[in-house]
1. Residues in the range 32-48: is at least one in contact (Cβ under 8 Å) with a residue 60 or more places away in the chain and outside any loop (DSSP other than H, G, I, E, B)?
2. Please go through the range 238-262 and pick out each residue that is in contact with a helix residue (DSSP H, G or I) (Cβ under 7 Å, 6 or more places away or on another chain) and among the β-branched types (Val, Ile, Thr).
3. Considering only the range 256-274, state which residues are of a type in the set (D, E, K, R), outside any strand (DSSP E or B) and closer than 16 Å to Ile318 by Cβ.
4. Test Trp77 against the stated conditions and say whether it is in contact with a Lys or Arg (Cβ under 8 Å, 6 or more places away or on another chain) and crowded, with 20+ Cβ neighbours inside 10 Å.
5. Going through the range 225-254 one residue at a time, which ones are out of contact with any strand residue (DSSP E or B) (no Cβ under 8 Å at 6 or more places or on another chain) and either without any contact (Cβ under 8 Å) to a residue 24 or more places away in the chain or part of a loop (DSSP other than H, G, I, E, B) (or both)?
6. Which one is nearest to the ligand (Cβ to nearest atom) among residues in the range 147-185 that are at pLDDT 75 or above and farther than 21 Å from Asp205 by Cα?
7. What do you reckon, is Phe225 buried (at least 19 other Cβ atoms within 10 Å of the Cβ) and within 12 Å of the ligand (Cβ to nearest atom)?
Amino acid sequence: MDAVTIRSKIFQVLIGPQLAAMLYASLELELPELLLTPKSIEFLSEKTQTLSEKLERILFALESFGFFSYNSVSKEWSNSQLSSALLDESLNSIAKYCIMPYKYEVLCNFSESLKQEKSAHEIRFGCSYIEGLKRNQDAFEIYQKAMAGWTNYDGKDKIDIDLNDSSRVLDVGGGDGTLLIDLANAHPHITGTVFDIPESQPLIDANIEKYELSERLDSIGGNFFESLPEEYDCILIKNTLIDWSDRDCKRILNNCRKALEEGDQLKWIDCVIDRQDQTDLWGVILDMNMMASGNGRVRTKEQMEKLLHESGFRFDSISPSTKKRNASVTSLAPSAKHCVINAIAI
Ligand SMILES: C[S@@+](CC[C@H](N)C(=O)[O-])C[C@H]1O[C@@H](n2cnc3c(N)ncnc32)[C@H](O)[C@@H]1O
């Protein structure tokens, strides 16, 4: 690489936080939605209650990076291809979650967190990530929508989970219920329950009702560190164990084991990292994210097998969680491996 390319690569990284802050402001002001048809800056500033001079400066800055487009003849703003893409509800919620100010507050403590056991989040807010989000309603709503966004992003047939041998399914840490609702629609023979913190229950119940699945699905609010409901023959746990340390994962997995009978199934759905694979940029960014927000981590297949073994499960098989895989979620992720790890209670 020549000196100019090296400097340019470094600057691409350095401008990241500013660009993300500008983009977040545009999403908060709902500019992609307002620009479904071309608008003048006067209209936009009145609608968003912002100062027109500052708003136009931000728009010009974002335009330089491909977001929004100015027509100098009509003197109107409209969406570009990139800002139009943010009209997609799933991508919009994922974008907001990745760059919300709450995240920056955490990341400001990243260096300090390298010197102690506490995560950057604990140093900043004095509690676990989920507790912190629960105390901040705006951040919590963005978080819940983004979790559903990841599940929805590739369309309803995205998740590829075999439930042919199951009839009563418990989705542990099931978020707003999106996964179990999708699976119930795809597998008419199953009934099931979404288990999550009590604060998530109204959202889950509203979604179950929206999809007219109240006769087959319900929700239970609780704490997976205390106990899990019984009488299910299959437990799903998606994008949740990644949030926790090995010690905490074992506590959750032990509770999963207690809730199941011998021979029942556990399907652990998460990103799996191959430490030798230098191209897995999404895997490493996710791992850093987990390190900042708690004591979670992205694990290798071997680390997952070990945790399963220590919690009363036998590793059975591993397969990609989708037929398409999430290359489309981010170009950072062509090789990120989101998998279903099938295990049997022993
Ligand atoms: C990263 S989200 C994953 C949500 C969902 N499974 C998905 O894939 O979109 C983790 C979920 O665990 C839930 N959770 C966190 N701590 C919990 C606890 N102690 N007991 C029950 N659920 C918890 C959160 O509310 C959240 O919905």
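The values are calculated or read from the model by the stated rules, or taken from the named source; none is laboratory data. Given the structure is predicted, the values throughout are model-derived calculations rather than measurements. Here Cβ is always computed from backbone atoms with ideal geometry, including for glycine, and neighbour counts include all displayed protein chains.
1. yes
2. Ile242, Ile252
3. Asp274
4. yes
5. Those that are out of contact with any strand residue (DSSP E or B) (no Cβ under 8 Å at 6 or more places or on another chain) and either without any contact (Cβ under 8 Å) to a residue 24 or more places away in the chain or part of a loop (DSSP other than H, G, I, E, B) (or both): Phe225, Glu226, Ser227, Glu230, Trp244, Ser245, Arg247.
6. This residue is Ile161.
7. So Phe225 fails the test.
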